[in-house]
Structures are given as C-alpha cells and as structure tokens.
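Peer 1: Take a look at this one; I'll ask things after.
The values are calculated or read from the model by the stated rules, or taken from the named source; none is laboratory data. The structure presented is a predicted model; accordingly, all values stated were derived computationally and were not measured. Cβ sites come from the backbone with ideal geometry, for glycine too, and all protein chains shown count toward neighbours. The protein model used for the area step is the full one, side chains on, heavy atoms only, and it has no ligands, DNA or RNA in it. Shrake-Rupley method; radii C 1.70, N 1.55, O 1.52, S 1.80 Å.
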Amino acid sequence: MVHWLWWRWRRPGRARAVLLVLFPLGALCLAPAVPPLLSALSLAPLGWAGWLNVAVAVLAFTLAYVVTYSALEADSPTLGLIRHLGKHGPAGLEEDALRGFFREKSHVSLRLAALAEEEMIVEKEGSIYLAPHPYRLFRAVLFYRSRVLRIREGGG
Amino acid sequence: MSRSLLELAHTAAPILGLTVLCLAHAAFCRWRRNSEGLNGLVWAGWAGVLGVASVEFFLWFRGVPLPGVLASALLVDFPVYALLAYGYANFFNLGESSVRVRIYRELVQAGGRGLDRRNLLDRYDEEAMFRARLVRLVAAGDLEKTGGRYRLGQVRLLWVARIIFALQRMVLGRAG
C-alpha cells in the first residue's frame, strides 16, 4: 500500500533500491502482529527457526517483486510482440506487419533514457559514459553469464 | 525431530531447490554451449522442484506425519521456491534479452572513453533487435512460422505479458 501510494505521488529516482528496503521494512513493521495472531488461532508461537523461515519468504517475495518491477518499467519488446500476436489469434501476422509494430517505438532511445533516469549513465557532449558508481546488479548479471554459465556474448 | 530442526528443514528446502536450479542451469548452458533461453530454465526449474521434494521426502521418511509435510510443502516450501526461481529466471533473462544490460556491457568495455550516442543508436539496429527476438522465440517454441505468417506457439509468454501489462497499469498508471 505504501509503495502504491508513494508511486502515485512521485516515483523515486532509485526505485529498485527503495523497494529492496521498503518491503523488508514493511515486514518488520508487521512482525509484532504475528504472535498475537498465532495465539488467537491457537497456534504455537514461532521459534527462531520459524522467524528465519519467515525472513526467507519475505526476502524471496521482495526479490521477485523487484525483478518484476524492472520488467514493468522497461516495456519489454519481446512481451510487446507476444501480446500483439496474441490479439491476432490463430490467424497470426505476416513478418512485415510484426516489423511495423516493433518499430513503432525506438527501443534503444527508450533504454538510454531509462539508464539515465536510473543514474547508471551520464551523457556529455554527445558521448555516453558509465556513472561513477558501478551498477552492481548489471555487473553481477554479466559476471554470472560469462563466468558461471559460460554463455557467449549475445542477447539484446 | 525437534520443532526447530523441522522449521530449519522447511527454511532450507526452497534454498536447496534454488541451488539445484542454479547448478542444473549452469550445467545445461555449459553442455549445450548456449542457453536456449526459456527451455533451459524450465528444465532447471523442474530440477529445483526435485530438490525441494527431496527435503519433503526426507522429513516424511524421518517420521513427520504426511499431512503436515504436504501442508508445509504446498503452503510454504514450494511457493517460496517458486518466488526464488522466478527471481533467478528474471536475473538470467536480464542478460539474455535486455538491451540495457547489453549497452551497459559495451560501456564497461569502453571504459573512460565512453561511447558516441549516434554510433550507439546506429549499432543497435532495430531490425537486428527484431530478428534476434524472432529467432529466439521461434527456437524456444513460443512462436511458430507457417506459410510466411507468425503465430503464438505457446501461451506461457502471453500470460506473462498480460500480467506485466496489468501490473504496469496498476503500479505505474500506464500500460505498454
């Protein structure tokens, strides 16, 4: 609820970082209500292992929501294509019609704007540079792809 | 089995599932020399499910009543694993299809020199992006091409798209 109201008022600059703090903080605020609730339901109180279980569940939900939020912001070209084809049912579309739909938006310009809004890049005199602070999530993605999964450069 | 140990086992189950998922996915990618996108993830996801199930089986084998094991598994362990697996899938997909990540990678490689905006826009040819997506979606079975026309092969991504667009409207006040 806090997230929804806050975003309606003004979306924060580092939205993902805010969400990573907001959800666990919300869970901490709700935590004192759990023992009386369990007592009212005639259930045994949570031990330390039970609270650890709750913490893992909250963390899993928070991470899942934050990655979903990234997809909300980014206007996925792939999902846009899929949704557009879904509207045309079994009849489908010819390649040219799909291409026309895809090109309605300049995806790269939108991505550059999103990177600038997230303060990951700076633009100076027609050139684009990485922002001084490293964006750990993207660096982690690149490291994992190349070193753990051993995937060739690609994507996009 | 003590209550603490039982609760620890239920905490560990989804984490074990995620670990199995990551290992299976890494093995799949290294063996197949590429990721094959969603299909590799699905196989790894099911491997993770087996990881969670193995903990549940172990608990039942150690004398925890079956109704209790099933209730914990269905209400807590598998849903938490599903959330963790979903997070992993999106983490992986960021590198698979995200234009932003690709641009970021090129900026890392360019270092202090940066990249010229016009060259960047020219390099990320919209046609190449379009074709890359068509090839990937057809290879994964999400699109079918017959008689020169494309249609949906599977509806899994359509459901994802519908949910994402609904959430966009709700959270960001816009859709697409």
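Peer 1: Select, from B:Leu84, B:Leu94, the only residue that is modelled with pLDDT under 80 and either crowded, with 18+ Cβ neighbours inside 10 Å or not in a helix (DSSP H, G or I) (or both).
Peer 2: Numbers: B:Leu84 fails: modelled with pLDDT under 80.
Result: B:Leu94 is the single residue among B:Leu84, B:Leu94 that is modelled with pLDDT under 80 and either crowded, with 18+ Cβ neighbours inside 10 Å or not in a helix (DSSP H, G or I) (or both).
Peer 1: With region A:74-152 as the region, which helices (runs of 4 or more DSSP H) entirely inside it contain at least 1 residues that are in contact with a Pro (Cβ under 7 Å, 6 or more places away or on another chain)?
Peer 2: Where helices (runs of 4 or more DSSP H) fall fully within region A:74-152 and carry at least 1 residues being in contact with a Pro (Cβ under 7 Å, 6 or more places away or on another chain), they are A:95-102, A:107-117.
Peer 1: Just need a number here: residues in region B:142-176 that are under 14 Å from A:Leu85 (Cα atoms), more than 8 Å from chain A (Cβ to nearest Cβ) and part of a loop (DSSP other than H, G, I, E, B).
Peer 2: Total satisfying the criteria: 2.
Peer 1: Would you please list the contacts, defined by Cβ atoms under 6 Å and residues six or more apart or on different chains, that run from a residue in region A:73-96 that is at positive phi to a residue that is crowded, with 18+ Cβ neighbours inside 10 Å?
Peer 2: A:Gly92/B:Tyr150
Peer 1: How about region A:40-96: which of its residues are within 7 Å of chain B (Cβ to nearest Cβ), within 20 Å of the chain's Cα centre (by Cα) and open to solvent by 70 Å² or more (accessible area, probe 1.4 Å)?
Peer 2: A:Phe61, A:Leu63 - these are the residues of region A:40-96 that are within 7 Å of chain B (Cβ to nearest Cβ), within 20 Å of the chain's Cα centre (by Cα) and open to solvent by 70 Å² or more (accessible area, probe 1.4 Å).
Peer 1: Would you call B:Val108 open to solvent by 40 Å² or more (accessible area, probe 1.4 Å), touching a Lys or Arg at 6+ places or on another chain (Cβ under 8 Å), more than 7 Å from chain A (Cβ to nearest Cβ) and among the aliphatic types (A, V, I, L, M)?
Peer 2: It is false that B:Val108 is open to solvent by 40 Å² or more (accessible area, probe 1.4 Å), touching a Lys or Arg at 6+ places or on another chain (Cβ under 8 Å), more than 7 Å from chain A (Cβ to nearest Cβ) and among the aliphatic types (A, V, I, L, M).
Peer 1: Tell me which of these B:Pro14 doesn't satisfy, since it passes every other one: (1) surrounded by 21 or more Cβ atoms within 10 Å (Cβ to Cβ); (2) out of contact with any Pro (no Cβ under 9 Å at 6 or more places or on another chain).
Peer 2: Every listed condition holds for B:Pro14 apart from (2).
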